[in-house]
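K.L.:
Sharing a structure, written as structure tokens. Questions coming.
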Amino acid sequence: MTTTSTKSSAEQAAIAADKTLFVTKNALRSLAGTPYWVAWNGGTSANADSIYEAVWAADGQADEPTMPALQSPAVDTYDLVFNLDTTVDGNYNRISDVAIFGHNLNTLSLAMTKTITVSVQIADSSAFTTGLATLATWTLTGGYRDLPLVSVDLASAYTIYEGAPWLRVRIECTAAFSGTMPQIGEVFAGRSRQLGRRPDRPFDPRSATSNITRQRTKTGSIASYERYTYAGDVRLTYTAYDGTDRDTGLDDVATLEAWYQDLRGGAEPFVFIDSPGSAPEEAQFVALDPPERKINFYDIDLGEIEIALIEYPPFLGPELYP
Amino acid sequence: MRSPSAAWSLAARSEPRRPVYLVTFRWDSAAVEGTDQLTFASRPGTGYPATVTDVGQLGGQIDPITREMTSPRTTIKLRRTSAAKALVTGRRLRNKQVVIRLGFVGLDESDYLTVATLLYQNQIPDEHEIAIVCTRSLGVLFETKSKMLFTNQHPGPAVKSLITALGVPSTLYASADFAFDADPKIGHWNLSRHRDPRTEAWVPLQQQDWEEKSVRELISGILQITSTTLLENGDGVARFSRYDRDAAAVKHLRRKDIVELRPIGTVEDLFNEFTVRFGRSKGEYLYKVTLEDSAAKLNYAYPNGDPFKMPQTIETDWLNGVGSLTDADIPPGFATGGLYDSSTYLVVALAGYKGFSGCRFDPDGAHTIPTGAELDADHPAYLMLTGSDARVESGRYVNDKPEIIKVIAAEFITPTAAGGSASTPPDVFAPDNHTYPRLVKFTIDTGATNGGRSQFSSSPDIPDRWRLGATIVADVTIALDWIQNLMTRSTEGIADVELRANIEHGDIETTDFITFDDDVFLDFEIDGATSAITWEVTGDEPRALDDSPGWVFKLRRVRTDIATPYVIVGQSGYQQPTQLAWGDPMTFTTGDVVTTTTGEFLYGGF
């Protein structure tokens with residue numbers, strides 16, 4: 001049975017004020033069964049073959065997308081279904097934010113000149129009838145960018161869900177999919193680790209590096225070979241308050257402690273959102289590198305921590321600046 | 001040359017170049033993604049898992065002397081992700097196809113260039129990666145043993161027969177490439193490697209039989225003597241490519257196209273004397289033809305003036321065109337037969353089935369020669385005459401002095417009473433019981449230099465007569481072509497360079513001829529490479545993911561100018577080892593033997 005609660009008012013205020021947000025512990029990494037695609041033909045559903053396995057949407061890699069196989073007759077609705085383990089490490093799985101990386105849905109909508117609606121839903125059973133709740137919905141009308149689909153405000157009420165046994169990503173189009181199929185790289189449904197402040201200045205949330213080799217030919221002509229661009233490598237220097245901060249209402253040191261535990265000491269990837277209120281779609285799928293958490297306390301209740309992040313592909317930069 | 005699409009070429013030269021490898025593992029020819037194959041990419045955004053981290057060496061390399069192509073094992077590395085693990089754990093992949101395509105970000109997949117089609121051999125996992133080891137498709141098959149025999153066969157169909165006998169699907173070789181008329185310049189060539197148990201005294205090659213060999217050895221033997229390479233193109237289809245020193249360059253690289261030039265050496269593989277040993281009889285190679293470049297030997301003489309002799313010798317099972325001179329033109333006034341200095345033709349017994357060029361007569365019927373397989377002025381054959389006490393000059397026998405004659409027509413003739421022999425039906429060739437012409441009449445190219453006689457000699461010398469019954473006639477057409485190819489190329493050494501160009505030059509492929517401009521290259525009388533110097537691409541390799549990207553070409557210099565006439569060297573034919581004669585014991589005038597004080601005989605000088 002799924003239980004619900006809501007993010008605290010302090011968390012909600014922090015989101016609205018674009019304070020740094022980490023989303024950790026993807027519930028989809030603890031599964032009670034093998035994920036699968038479902039195709040809907042009118043009111044009838046059937047399991048659909050996938051060109052690439054559905055579990056690739058929950059494997060910690062966003063650049064290996066899963067996609068369903070083309071159905072005959074072609075259909076306009078696919079579900080990517082996950083059976084979640086409801087007792088992860090003795091705790092219920094906890095979902096307060098969702099993000100979808102490595103998809104092609106907006107550009108696909110443009111190519112098809114059709115509207116694609118994406119929903120994340122949970123339910124008590126694979127039938128998705130009882131206990132059905134829609135966590136987030138995005139309506140895509142086409143564009144040249146496939147930014148991550150992110151919601152930090154589930155059900156538009158900052159709802160937190162615990163113990164959800166089934167989750168699906170529903171992809172509905174106003175026409176049948178044929179030719180290019182919808183793809184999803186990674187679905188991240190995790191818990192919020194909200195900090196009360198923004199990183200110390202100077203801070204560049206779009207810090208990135210590219211791997212380009214340039215060489216000159218004998219006449220001086222330049223030939224450049226690009227392997228990747230805009231690989232995020234953000235470095236945050238953060239002043240954390242130990243204890244409940246009177247101004248923010250949040251205990252950042254405790255948050256960082258819990259965040260590091262969620263990452264299993266820095267081993268697990270997570271989601272970094274610099275501006276959760278104004279631009280949640282600019283989320284990045286990252287890892288902590290070096291994988292360390294060291295708070296240098298310089299006052300009785302103030303400490304400084306350096307957090308260095310490396311971004312998993314597909315990178316945010318090329319989507320922000322196509 | 002490869003033929004990339006215009007879109008590929010444009011993407012390959014547009015700044016910045018963003019190369020992408022697509023590696024497809026295919027286990028069923030239906031090739032439906034996900035069902036029959038899985039494709040992985042070297043970067044995201046292609047719709048395929050971005051799991052490829054490295055594509056190892058793809059290109060092989062041709063040895064310019066042996067024409068043998070050595071192909072490496074290629075290792076493809078995949079990140080150890082769910083996708084890569086699913087590939088390996090889900091099916092048995094050994095001997096399945098691996099297709100490697102190269103394209104660029106934004107390029108339509110249909111425009112990707114297929115650079116290699118390999119066979120999956122093995123996987124080596126570690127904690128971070130899975131290394132997939134692959135080989136060239138045909139190489140795996142060639143270790144099978146075979147004792148296939150060939151009578152009067154052109155090298156192209158012979159190689160094809162060997163390939164098809166292995167069960168290689170027709171989709172893996174370009175059948176038209178192997179037709180005898182695919183290369184019009186050599187349609188008249190002929191080989192033989194057949195069992196011939198004859199033991200008659202007049203038959204030059206006796207008890208010919210052949211041991212079992214691997215198909216690789218058999219094919220290598222044909223490729224070497226015919227200056228041909230068996231190559232696989234990007235689709236894994238084998239083609240038959242002959243080295244033609246007169247072929248035109250397909251591309252010229254300018255300085256702005258070249259990222260790096262690395263000369264390996266300019267006087268590499270220097271040889272100035274070439275010998276082909278052929279004609280197996282009772283297990284021995286009885287005959288040989290040798291040409292030398294004596295001027296080159298002096299050019300590279302040692303400090304004391306001794307000529308620098310650097311020989312190269314091959315033995316081949318495939319040249320068995322050895323017959324005997326018979327029933328030749330009898331000029332008026334001469335009572336005995338033979339090939340005279342004024343003769344315009346010669347007749348050779350056994351030429352009808354021993355693999356003489358221009359003599360690929362259809363057996364068992366009208367004995368016609370296929371169109372394109374005949375001799376003519378542009379497609380001559382070269383016959384070498386030799387034999388003990390066979391050459392007559394000024395009334396005496398001259399041994400150790402073979403003669404090469406240029407002939408431009410061949411026709412089978414029915415034996416007549418000329419020379420005293422009775423009419424004889426065509427020979428029956430055992431064990432197949434096919435009939436081939438017994439006698440072939442070769443017309444001498446009297447319009448050629450020296451009237452077609454005494455070819456390849458710096459001082460042409462036509463004998464008075466070659467005797468019937470003693471003169472051996474060997475077809476050295478293919479052997480001389482091999483020698484000439486290598487002689488023109490290697491008497492000054494075959495310069496060796498490695499050139500890295502930008503990736504848009506991937507239309508150049510192995511066996512192409514190219515030219516390039518560069519200031520670094522130096523050679524005798526050459527300061528800088530220009531379009532006047534031609535190079536053979538002996539290996540090519542895309543380097544799309546390297547720290548030093550581009551397309552790397554291994555180049556060996558091509559030469560076409562024949563600087564000096566080549567001289568046929570020494571004798572051909574089997575020679576008994578020189579026997580040292582012991583002197584007789586010394587004797588007194590009385591006849592008694594002279595002995596030492598210990599009673600041992602004393603012998604005279606040797």
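Just so it is clear, none of the values below were taken in a lab; they were calculated from the coordinates. Just so it is clear, the structure is predicted and the values come from calculations on it, not from any experiment. Neighbour counts are summed over all protein chains in view; Cβ atoms, including those assigned to glycine, are modelled from backbone coordinates with ideal geometry.
K.L.:
Structure shown: which of B:147/B:441; B:147/B:282; B:160/B:354; A:25/A:294 lie over 23 Å apart, alpha-carbon to alpha-carbon?
P.N.:
B:147/B:441
K.L.:
In addition: Find the Rg to Rh ratio for chain B, where Rh is the Kirkwood radius over alpha-carbon pairs and Rg uses the same atoms.
P.N.:
Ratio value, two decimals: 1.07.
K.L.:
Would you kindly calculate the mean projected area, averaged across all directions, of the convex hull enclosing the Cα atoms of the protein assembly as shown, in square nanometres?
P.N.:
The directionally averaged projection comes out at 59.6 nm².
K.L.:
For region A:228-301, which chymotrypsin sites (Phe, Trp or Tyr not before Pro) pass both filters: DSSP loop (anything but H, G, I, E, B) and at most 14 other C-beta atoms within 10 Å?
P.N.:
Sparse-neighbourhood loop chymotrypsin sites (Phe, Trp or Tyr not before Pro): A:298.
K.L.:
Working only with C-alpha atoms, what are the Rg and Dmax values of region B:217-367, expressed in angstrom?
P.N.:
Cα-based Rg and Dmax for region B:217-367 come out at 22.7, 74 Å.
K.L.:
Moving on to the next point. I'd like the FRET efficiency for residue B:378 and residue B:88, computed as 1/(1 + (r/R0)^6) with the beta carbon distance as r and R0 of 60 Å, rounded to 0.05.
P.N.:
For residue B:378 and residue B:88, the calculated efficiency is 0.60.
K.L.:
Mean Kyte-Doolittle of at least 1.6 plus a Cα span of 30 Å or more along the axis: flag which DSSP H helices in chain B meet both, please.
P.N.:
none
K.L.:
Further, regarding this structure: I'd like the mean, over residues of A:211-223, of how many other protein chain beta carbons sit within 10 Å of each residue's own Cβ.
P.N.:
Taking all residues of A:211-223 together, the mean is 6.
K.L.:
On average, how many beta carbons from a partner chain sit within 10 Å of the beta carbon of a residue in A:63-71?
P.N.:
5
K.L.:
Pick out, in residue order, every one of the chymotrypsin sites (Phe, Trp or Tyr not before Pro) in region A:128-219 that is DSSP loop and has at most 14 other C-beta atoms within 10 Å; say none if there are none.
P.N.:
Taking region A:128-219 and a limit of 14 other Cβ atoms within 10 Å, the loop chymotrypsin sites (Phe, Trp or Tyr not before Pro) found are A:144.
K.L.:
In Å and on Cα atoms, what radius of gyration and Dmax does region A:170-244 show?
P.N.:
Cα-based Rg and Dmax for region A:170-244 come out at 21.9, 65 Å.
K.L.:
If a/c stays under 1.5 just call it rounded; otherwise compare a/b with b/c (prolate if a/b is bigger, oblate if not). Do that for chain A, with a ≥ b ≥ c from the square roots of the Cα gyration tensor eigenvalues.
P.N.:
oblate
K.L.:
Could you name the aspartates and glutamates whose alpha carbon sits less than 14 Å from that of residue B:77, not counting residues in the same chain fewer than 8 places away?
P.N.:
B:54, B:126, B:127, B:129, B:546
K.L.:
Assuming R0 = 41 Å, what is the FRET efficiency of residue B:413 and residue B:310, from their Cβ-Cβ distance, to the nearest 0.05?
P.N.:
Using R0 = 41 Å, I get an efficiency of 0.40.
K.L.:
As an exercise, identify the trypsin sites (Lys or Arg not before Pro) in region A:1-86 lying in DSSP coil whose Cβ has no more than 15 other Cβ atoms within 10 Å.
P.N.:
Answer in residue order: no site qualifies.
K.L.:
Averaged across B:36-49, how many Cβ atoms of other chains sit within 10 Å of each residue's Cβ atom?
P.N.:
The per-residue average across the peptide is 4.
K.L.:
Here's another thing I want to ask about it. Round to a whole angstrom and tell me the spacing of the C-alpha centers of region A:1-19 and region A:32-103.
P.N.:
Centre-to-centre (Cα) distance: 26 Å.
K.L.:
How big is Rg to Rh over region B:123-249, alpha-carbon atoms, Rh as the Kirkwood inverse-mean-distance radius?
P.N.:
1.10
K.L.:
Next question, about the same structure. Let me know the longest stretch in chain B that avoids all GluC sites (Glu not before Pro) found in a DSSP loop with at most 12 other C-beta atoms within 10 Å.
P.N.:
The reported range is B:213-524.
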